[in-house]
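Visitor: Dumping the structure here so I can ask a few things about it.
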Amino acid sequence: MATVSEWVAGARPRTLPNSIVPVAVGTGVAVGAGGAVWWKALLAAGVALALQVGVNYANDYSDGIRGTDTEERVGPTRLTAARLAAPRRVLCAAWACFAVAAVLGLVLAATTAWWLVLVGAFAIVAAWFYTGGRSPYGYRALGELSVFVFFGLVAVVGTVFVQLETVPWQGWVAAVPVGLLSCSVLVINNLRDLDTDAQTGKNTLAVRLGDAGTRRLYAGCVAGAFAGEEQLVVVGLQIAGVPDRVDPVGV
């Protein structure tokens, strides 16, 4: 039976900033608009964290029972593959996290807009079918696209919306570099696992692009995120109430 520390390691805590950063950025936009609602920001953070841990356990379970993960695989602790916990327990842990995310999301929907329930449902479905189900899209080179959408656009824009009940353009601009940085994390992880994924039939984007192509993709994600930094600076200036241009006549 897995120890508490092994369960914590299996949750892959190093990935948790991927869920916290989008909420922090979205809340920053809400603060700049003068409409931050802190208890909603905390609920949004809870939803994001629960989904992140849930998808980590779900991946552990699905990859483990498929044989994609092995005991010798480099990287974080794999509860299922290393036989530290019964697959059924890992599966239950994943769905328990999804249930927590659903409950917190229902509170946000009830106090903001009920159609957010659909967004939450899509997020849970995407989390499960990344590596779960008969035809997981993570095995068909679509993982990076999903990460960009859910850990970039949905997470940032959703955080802004639940607090302001509208989304200014700054929220959309801020979501793009956040999504690209989240993608870069997945890309570098898939680069690490490229050889073992190819051997076990997990056709990630890294497997399709090869080593050199994946390295270029990683560089492109990071470069694209920092290329958007200029736009984020403009957003920051607007949040602070500082004009992005100085009138030389007034100097």
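The values are calculated or read from the model by the stated rules, or taken from the named source; none is laboratory data. Every value quoted in this text rests on a predicted model; they were computed, and no experiment measured them. Methodologically, a virtual Cβ is constructed for each residue, glycine included, from the backbone with ideal geometry; neighbour enumeration extends over all protein chains shown. Heads up: the accessible areas ignore ligands, DNA and RNA and are worked out on the full protein's heavy atoms, side chains in. Shrake-Rupley method; radii C 1.70, N 1.55, O 1.52, S 1.80 Å.
Visitor: Taking into account only those residues within the range 194-216 that are in contact (Cβ under 8 Å) with a residue 40 or more places away in the chain and within 30 Å of THR159 (Cβ to Cβ), which is least open to solvent (accessible area, probe 1.4 Å)?
Guide: Filtering the range 194-216 for residues that are in contact (Cβ under 8 Å) with a residue 40 or more places away in the chain and within 30 Å of THR159 (Cβ to Cβ), the one least open to solvent (accessible area, probe 1.4 Å) comes out as THR204.
Visitor: Still on this structure: Answer yes or no as to whether TYR139 is buried (at least 21 other Cβ atoms within 10 Å of the Cβ), more than 26 Å from VAL23 (Cβ to Cβ) and touching a residue at least 40 places away in the same chain (Cβ under 8 Å).
Guide: For TYR139, the condition - buried (at least 21 other Cβ atoms within 10 Å of the Cβ), more than 26 Å from VAL23 (Cβ to Cβ) and touching a residue at least 40 places away in the same chain (Cβ under 8 Å) - is met.
Visitor: Quick one: LEU164 ticks every box in (1) modelled with pLDDT of 85 or more; (2) surrounded by 16 or more Cβ atoms within 10 Å (Cβ to Cβ); (3) over 25 Å from LEU116 (Cβ atoms) bar one, so which box is it?
Guide: So the condition that LEU164 fails would be (3).
One line per residue, one yes/no per condition, for (1) within 18 Å of the chain's Cα centre (by Cα); (2) on the phi > 0 side of the Ramachandran plot; (3) open to solvent by less than 10 Å² (accessible area, probe 1.4 Å); (4) at pLDDT below 90:
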residue	(1), (2), (3), (4)
GLY34	no, yes, no, no
GLY46	yes, no, no, no
ALA58	yes, no, yes, no
GLY64	no, no, no, yes
ARG73	no, no, no, yes
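Visitor: Please go through the range 164-192 and give me each residue that is touching a residue at least 60 places away in the same chain (Cβ under 8 Å) and of a type in the set (Ser, Thr, Tyr), ordered by number.
Guide: SER182
Visitor: Run ILE124 past the list (1) in contact with a Gly (Cβ under 7 Å, 6 or more places away or on another chain); (2) open to solvent by 20 Å² or more (accessible area, probe 1.4 Å); (3) under 24 Å from ALA24 (Cβ atoms) and report the number of the one that doesn't hold.
Guide: (1)
Visitor: So which helices (runs of 4 or more DSSP H) are wholly in the range 7-122 and hold at least 3 residues that are touching a Cys at 6+ places or on another chain (Cβ under 6 Å) and more than 22 Å from PRO177 (Cα to Cα)?
Guide: The helices (runs of 4 or more DSSP H) meeting that bar are 38-66.
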